[in-house]
Every structure is written in C-alpha cells, then in structure tokens.
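Structure first, then comments.
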Amino acid sequence: MSAPAKIGVLTVSDRASAGAYEDISGPAIAEWLGKALSVPFELDRRVIPDGFERVRDTLIDMADKAGCCLVLTTGGTGPAPRDLTPEATLAACNRELPGFGELMRMKSLEQTPTAILSRQTAAHRGACLIVNLPGSPRSIDLCLKAVFPAIPYCVELIGGAWLDTDPDFVRTVRPAKK
C-alpha cells in the first residue's frame, strides 16, 4: 500500500496568523477535502501573514520539503496592496494553469459581481499543483466544486500522487483509456 497523498492547506492572512481572528477558511478547505477525496491523505495546514516572500517561500517548502502533491491556498487574492498570493504562487512555480482561475471567476460571478476583483490562479512546481482559492467558506465550496473534477488528473499528469474522489460528492474527470 502506498503512502497517503500529502496535501497542503495554506491560509494567508495577517490577522489570522496574529491570532486577531480565527481562521475559518483553512478548516473549510480541510473539511471539503475530507468529503471529496476517496483516497488516504495527510494534511499539512499552515497559517502565515500576507507578503510576497513569506508566501513564495512557504509554497516552495510545502512542495519541495514537505512533499505536497497539491496545495490549496486561501487569502491574499484581492486587489489590496498586501494581497500578493497570486504573484508569490507564480514566482514559486514552473508554469501557470490559468484555466483554474478563469473557471473560478466565472462561477463566482454567478453569485456576486465583485468576483471580478478576484485574482485566483493555479500553477505547478514540479509534481505539486498549487491552486489559489478565495477567502470565504461559501466561495471556497463553490470554486472547489467547479475545479476539483480536473485536479486529480492534473496532479497525475505532473507526476504527483494518485488522487481520486467520492463520485457522490465530486466526480473526478479523466480521459477514457483507448
């Protein structure tokens, strides 16, 4: 039996990292993964302040040292000056996968016109896929339901761990074998 997949959940927030308020986004992602995944996995959860270098370096650590095949971030994707999660993600990664952000914004615009301000993206660093999610649990659920069907196959294509989902919650999409 292979080792459980390692998945990172990174909350980027000055206030949550300082203890000024409780991080609810990271736990919402962890709970969502618990419902979605049908394979064993281990979480690497972290809460850090905003800031380009801190986010970039943490993502590199989660991919290279911790061995995560998937890192889901929350926070730091808006237009405020310290919202630098997308820039830090791209600096840490080999290639951007812009379709993830495009789909998340499209789905989010169905619920609120301010979704146009969102700058979520996805990219990969070697065999680790990094996806920037919004900050609210409701938006996290909406965005994960939209993009997660492609995540297991994407992780497989870049050489990460085998991921699969509970089809009653979210169905993994892989091309039919010929």
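Some observations on this one:
- Scanning region 68-83 for residues that are open to solvent by less than 40 Å² (accessible area, probe 1.4 Å) and in contact with a helix residue (DSSP H, G or I) (Cβ under 8 Å, 6 or more places away or on another chain) yields 68, 69, 70, 71, 72, 73, 74, 75, 76, 77, 78.
- Residue within region 51-63 that is under 15 Å from the mean Cα position of the chain (by Cα), of a type in the set (Gly, Ala, Ser) and part of a loop (DSSP other than H, G, I, E, B) present: no
- Residues of region 40-67 satisfying the condition of being loosely packed, with under 14 Cβ neighbours inside 10 Å and either more than 20 Å from residue 88 (Cβ to Cβ) or at pLDDT below 95 (or both): 40, 42
- Enumeration of residues in region 18-39 that are at pLDDT below 95 and either open to solvent by less than 50 Å² (accessible area, probe 1.4 Å) or under 17 Å from residue 69 (Cα atoms) (or both): none
- Screening the candidates 107, 145, 178 for the property of being within 13 Å of the chain's Cα centre (by Cα) and over 23 Å from residue 65 (Cβ atoms) yields one hit, 145.
- For region 120-133, a residue qualifies if it is more than 18 Å from residue 26 (Cα to Cα) and surrounded by 17 or more Cβ atoms within 10 Å (Cβ to Cβ), and the qualifying residues are 123, 124, 125, 127, 128.
Every residue, every condition in (1) out of contact with any Cys (no Cβ under 9 Å at 6 or more places or on another chain); (2) hydrophobic (A, V, I, L, M, F, W, C); (3) not in a strand (DSSP E or B), yes or no:
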residue	(1), (2), (3)
3	yes, yes, yes
8	no, no, no
11	yes, no, no
15	yes, no, yes
22	yes, no, yes
31	yes, no, yes
34	yes, no, yes
42	yes, no, no
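- Of all residues in region 84-119, those being out of contact with any Phe, Trp or Tyr (no Cβ under 6 Å at 6 or more places or on another chain), open to solvent by 30 Å² or more (accessible area, probe 1.4 Å) and part of a loop (DSSP other than H, G, I, E, B) number 7.
The values are calculated or read from the model by the stated rules, or taken from the named source; none is laboratory data. Being a predicted model, the structure only gives us computed values, none of them experimental. Neighbour counts are summed over all protein chains in view; Cβ atoms, including those assigned to glycine, are modelled from backbone coordinates with ideal geometry. Side chains included, ligands, DNA and RNA excluded: accessible areas come from the protein's heavy atoms. Shrake-Rupley method; radii C 1.70, N 1.55, O 1.52, S 1.80 Å.
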